[in-house]
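Down below is the structure, laid out as structure tokens.
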Amino acid sequence: MTKLKEKKFFILEADKKNKNHRTYPFDLINSWVESEKNTSGEGYDLEYALPDLDLEYEFLKEEEVCGNVAKLVLEGKKLFAVIKFKTEGPYSEKIYGDDNFLDTVAIVPKGKGAVKSQIVQDDYELYGFNLILKEESSFLDEELKKEKDTIQA
């Protein structure tokens, strides 16, 4: 039996403009952390959303769910997620078969809501999270720059 793969990921920093020029306010992020879904242990679905898939749809597709955001945690203004990946499914081979794969991906929120003056409003409904390539994340600009600087040094 395969041991369940679990990893902690940085998601985003509250009150900081991302590469898409959007800011997610601290109170909104904190509402996700304090939600019953997070505190009950139910967690949020994680959808495999890499470039080879058509993502032009709302909500999450059950057949694309590759894990569970088991716990959201705020450390200061930084949001982190503890992810538990499914051991079986269409993407488990990639997740479990390549030891370096999880270092190439990021986790981002998936939801819908109003944006005013580039600030995501409190009507934002969090559907779950997407697993994407790091370079496609609008939240990891500084982290990617640090990684590239480290590699070049």
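Computed from the coordinates by the stated procedures, all read-outs in this text should not be read as laboratory data. Just so we're clear, the structure is a prediction, and the values are computed from it rather than from any experiment. Neighbour counts are summed over all protein chains in view; Cβ atoms, including those assigned to glycine, are modelled from backbone coordinates with ideal geometry.
Of note:
- Net +/- balance of residues flanking ALA70 in space, Cβ distance below 13 Å, scoring K and R +1, D and E -1: +4
- Peptides 61-70, 29-38 ordered by average Cβ neighbours within 10 Å, highest first: 61-70, 29-38
- Exceedance of the 30 Å cut-off in Cα-Cα distance is limited, within the set LYS3/LYS110; LYS78/LYS112; LYS5/LYS116; LYS37/LYS116; LYS3/LYS112; LYS8/LYS37, to LYS5/LYS116; LYS3/LYS112.
- Using θ = phi - 60° in the Karplus curve 6.51 cos²θ - 1.76 cosθ + 1.60, the 3J(HN,Hα) couplings for the stretch 101-115 round to 4, 5, 7, 9, 10, 10, 10, 10, x, 10, x, 8, x, 6, 10 Hz; x is entered for Gly and Pro.
- Highest mean first, the peptides 127-138, 96-107 sorted by other C-beta atoms within 10 Å per residue fall in the order 127-138, 96-107.
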